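One structure below.
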Amino acid sequence: MGFFLETLFGGLMVGMLYSLIALGFVLIFKASGVFNFAQGAMVLFAALAMARFAEWVPQWTGIENRWFANVAGFVLAGVVMFATAWAVERLVLRHLVNQEGATLLLATLGIAYFIDGLGQTLFGSNIYKIDIGLPKDPIFVLDSLFPGGILINKEDLIAAAIAAALVTLLSLFFQKTGTGRALRAVADDHQAAQSIGIPLARIWVIVWCVAGVVALVAGMIWGSKLGVQFSLATVAMRALPVVILGGLTSVPGAIIGGLIIGVGEKLSEVYLGPFVGGGIEIWFAYVLALVFLLFRPQGLFGEKIIDRV
Amino acid sequence: MLYRENGQFKSTYRADQQVFPIRQDRIFVIAVLAFAFLAVPMLASDYLFRAILIPFLIFSLAAVGVNILVGYCGQISLGSGAFMAVGAYGAYNFFVRIPGMPLVPALILGGLCATAFGVLFGLPSLRVRGLYLAVATLAAQFFADWMFLRIKWFTLDTPSGSVAVSNLQVFGLPLESAVSKYLFCLAVLVIIAMLAKNLVRGAIGREWMAIRDMDVAAAVIGIRPMYAKLSAFAVSSFIIGVAGALWAFIYLGAWEPSAFSVDYSFRLLFMVIIGGLGSIMGSFFGAAFIVVLPIALNQFLPVLAGALGLQISTAGISHAELMIFGALIVWFLIVEPHGLARLWSTAKQKLQLWPFPH
C-alpha cells in the first residue's frame, strides 16, 4: 500500500509537470487555432537560454551570486522568448491566417526545426545545468501509517507547487484582466472579436509570449531535473497525450489530463511494465488518452463538437 | 500552343475514361518513364543513385501512401514512420524465417503486415477527428518503436535489435549494383503509383474524397464512413509498408529499431503538404524536395562558408542546416500553401495559352 501511494504520488508530480507543457499547447490553440508543435522546441530553447545566461551574467558583471545569476538568466531568457513570440507572429502566423489545420501544424513543425537549430547555434549544444537551488533530498511522510513512510522527492514537491502557482496566476490573468478577457473573446470567435475592435495581431503576440513564459518555466523545472540537453524537446511528445486527453481548448483539462496521464504512466510502468518488458510508459500514455477519446472525442473538457452539414 | 486540348475528341467511353485523357500528358508520362528507365541508368553515377535517386524513389512511394490517407481521405496521420517500420520488420521476418522466400512476396507480405497494423491504429479515426487524430496516431509510432526494441521475437533475438539482409534476388537476378536496385525500386514505384492513381479516380477514391470534404455529409448520402476510412488506412499503410520494406532492404541493408523514428513521420507529412494534398504527382515533387534539400544544404553550406572565409564546425553546419530547412519549409508554406502540385497546374494553364497572353 505504501509503495502504491508512493508511485501514485510520483505520478501526480510528473503529471503536474506534463500539464505545465500541455498548458503551452492549449493557450496557443485556444487563441489562434494553431496546434503548436514547436512548444517542445520552445521549452528547450528557453531552458538553453536560461542556463547559458545564468552562466554568462556572472562573467559579464563579476557578481558571483546564484540568486542574482538565476534571476538575471530568467529575465533575459524571458526577453528572448518575447522576441521569439513576436518574430513567430510577425514572420509566420500573420501570413498563414485561414490556412488548413494541417498546413499550420507543419508550419509550426518548421518553426520547431528552426528554433532547435537556432538555440544550439546561439547557446551551444552541450549538456548544461540549471541550478535554481531545489533541494534534492527526499522526505518521508505518513510514517505513522505505513512502515517506513512514503518517500517523496522535495524537488518534485516544489516543482509541482511552482506549476500550480503558475496555473493559478494564468487563470487569474485570463479571468480578471482586460487583456485576459480579450484573449477569451478571440478564442471564442475571431471575427466577432475583431469586429468589436480587439486587435488580433497583438493578441496573438501576447498569447505566444505567455506560451513562451510557460515554456520557460517548464524548461527551468525540467532542466533542473534532467539537465538542459536536446532530449528536453522530446518531453513535449510526452505531453501531447495530455493535451488531447484534456481537450485542446481547456486549461483545466490540461491540468487534470496531466495528472491522469502522469498517474497512469507511472502505475502502468510499475505494475504492467514487468510483464511485457518495460519501457511502456510512453505509448501507454497515448493509449490511455485514446481510451478516453473513444468516449469523449473532444477530450474531457474540450468544446463539444457539433456537426452541421 | 504546346499544351492545347482543343480538338482531342473522344468517341468512346473507354477513351474518355483513360488515365491521362490529354495527349500531351500521355506523351509527357511516357517520355519521363523512358528517361527514368533507359537514360538515367546510363547517365547517373553511383553516388547519385545511392544518395539521391534510390531514397527519392522510396520516399515517393511512401509519400503516395501518405497522400492517400492525408490528401485524399483527410485523416492527418503522424504514424507513417511506424507503418514503414512494421512493413520493414514484417518483410524481414517472412524473408528470414521462411527458407527460400523470394524478395517480392516478402515485400508484399510486409506490406500486408503494415495493413493490419494500420487498420488497427486507424480504428480511432472512426471516433476521433482532425488534430486529435493526428496526435492519436502518434500512439502507433511510439508503440512500434517500443515493440521492435523490446519484443525480441521480431528481431530474431539479436541483442541490440539490429538486423541485416543479404543476397537479395529478384527472379534470379541479383540486386547488388546500384543500377539494379534503382531499376527495381523504380519498377515497384511505377506499378504502385499506377494502382494508386486508378484507385483514387475510382469509386473508392471518390468515397475517400467525400469523407475528406465533410464526413457527416458523406455519411448522409450513403457512404459508409467506417469502410471508407479503414480502407484508406489499409491501402495507405500497405503502400507505406512496402516503401518501408524497400527502404530497409534496398537502401539500408542493415537497420535497427531507431531507423524509423518519428522524424520519418514528420518528413513524410512535409512531403505530402509541400508536394500538394490530394495529388499523386505532388507526392513526387514533395519527395524530391525533402530528399534533395538536406543533401543540397549539406554540400552547399561548407562551400558557402569557405567562400565567405568563415570557419564553421561540423556541428555548426548541421545546426545551420536545421535552421535553413525549417525556414525554407515555413517560407514554402507561406508562398504556396497548396503545394508544388498547384504550381504545376498553374504552369499547365499558362502553357495552354502560351505564347498568347489571353
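Once each part is reduced to its C-alpha centroid, what is the distance from segment B:279-305 to segment B:1-53 in angstrom? Rounded to whole Å, the Cα centres lie 23 Å apart.
Remark: mean inter-chain Cβ contacts per residue of A:88-94 equal 2, using a 10 Å Cβ-Cβ cutoff to other protein chain atoms.
Given R0 = 60 Å, the distance between the Cβ atoms of B:Lys152 and A:Ala161 translates into a calculated FRET efficiency of 0.90.
For chain A, calculate the relative contact order in percent as a whole number, restricting contacts to Cα pairs under 8 Å that are 6 or more residues apart. Normalised by residue count, the contact order of chain A is 33 percent.
The Cα atoms of chain B define a convex hull whose projected area, averaged across directions, is 22.3 nm². Take the Cα of B:Leu48, step 7 Å toward its Cβ, do the same at B:Ser162, and the gap between the two points is 3.2 nm.
Here the extension length gained between A:Ala192 and A:Val79 equals 37.5 nm, from 0.36 nm per residue of separation less the Cα-Cα distance. Springs between Cα atoms under 10 Å define the GNM used for chain B, and in it the highest mean-square fluctuation of B:Met147, B:Met214, B:Met194 occurs at B:Met214. With a 10 Å cut-off around each Cβ of B:139-151, the average count of Cβ atoms from other chains is 5. The fraction of Cα-Cα pairs per 5 angstrom bin, counted from 0 for segment A:2-295, comes to 1, 6, 11, 15, 17, 16, 14, 9, 6, 3, 1, 0, 0 percent, rounded to whole percents. Mind checking which helices in chain A clear 27 Å along their axis (Cα) and have mean Kyte-Doolittle hydropathy of 0.5 or more, DSSP H runs only? Passing helices, by number: A:2-32, A:39-61, A:66-87, A:101-123, A:154-176, A:200-226. This model, with +1 at the C-beta of Lys and Arg and -1 at the C-beta of Asp and Glu, gives segment B:40-180 a dipole about its Cα centre of some 380 debye.
Among A:Phe45, A:Phe292, A:Phe275, whose mean-square fluctuation peaks in a Gaussian network model of chain A (Cα, cutoff 10 Å)? Result for chain A, Cα springs under 10 Å: A:Phe275 fluctuates most.
The simple Förster model, with R0 at 22 Å and r as the Cβ-Cβ distance, assigns B:Leu123 and A:Tyr271 a FRET efficiency of 0.30.
Each of the peptides A:105-111, B:308-314, A:217-223, B:322-328 was scored by the mean count of other Cβ atoms within 10 Å over its residues; in descending order, highest first, they stand as A:217-223, A:105-111, B:322-328, B:308-314.
Residue by residue along B:331-338, Cβ atoms of other protein chains within 10 Å of the local Cβ number 5 on average. Computed from the Cβ-Cβ distance with R0 of 22 Å, the FRET efficiency linking A:Arg94 to B:Asp263 stands at 0.20. Per-residue packing, averaged as other Cβ atoms within 10 Å, sorts the ranges B:179-189, B:217-227 into the order B:179-189, B:217-227, beginning with the highest. Restricting the trypsin sites (Lys or Arg not before Pro) of segment A:57-132 to loop positions (DSSP other than H, G, I, E, B) with no more than 15 neighbouring Cβ atoms within 10 Å leaves A:Lys129. Ranking A:Val57, A:Ile244, A:Gln175 by how far each Cα lies toward the positive end of the dipole of segment A:2-295 (charges on Cβ) leaves A:Gln175 at the top. Each listed q (0.05, 0.06, 0.09, 0.11 Å⁻¹) maps to a log10 I(q)/I(0) for the protein assembly as shown from the Debye sum over equal C-alpha point scatterers, namely -0.25, -0.37, -0.83, -1.22.
Dividing the helix sum by the residues of chain A, where each DSSP H run of 4 or more adds -39500 (n - 2.57), gives a mean residue ellipticity at 222 nm of -23500 deg cm²/dmol.
Ordering A:His95, A:His190 by the number of other Cβ atoms within 10 Å of each residue's own Cβ, fewest first, gives A:His95, A:His190. The lysine pair count for segment B:48-353, using Cα distances under 30 Å and pairs eight or more places apart or on different chains, is 5.
Long hydrophobic helices in chain B, taken as whole DSSP H segments with a C-alpha length of 24 Å or more on their own axis and mean Kyte-Doolittle hydropathy at least 1.0: B:103-122, B:130-150, B:178-200, B:225-246, B:280-308, B:314-335. The charge dipole of segment B:212-358, taken about the Cα centre with unit charges on the Cβ atoms of Lys, Arg (+1) and Asp, Glu (-1), comes to about 440 debye, rounded to the nearest 20. Distances between placed amide hydrogens fall under 5 Å for B:Val170 paired with B:Leu175, all partners being 5 or more residues away or on another chain. Per residue, the average separation of C-alpha pairs within less than 8 Å and at least 6 apart gives segment B:48-353 a relative contact order of 33 percent.
Helical runs (DSSP H, four residues minimum) scored at -39500 (n - 2.57) apiece and divided by the length of chain B put the mean residue ellipticity at 222 nm at -21500 deg cm²/dmol. For the options B:Pro105, B:Pro337, B:Pro21, a Gaussian network treatment of chain B with springs between C-alpha atoms closer than 10 Å singles out B:Pro21 as fluctuating the most. Segment B:136-177 and segment A:220-295 have Cα centres separated by 27 Å.
Values in this text are rule-based calculations from the coordinates and carry no lab data. Everything numeric here is computed off the predicted structure, so don't read it as measured data. Positions of Cβ are backbone-derived with ideal geometry, glycine not excepted, and every protein chain shown enters the neighbour counts.
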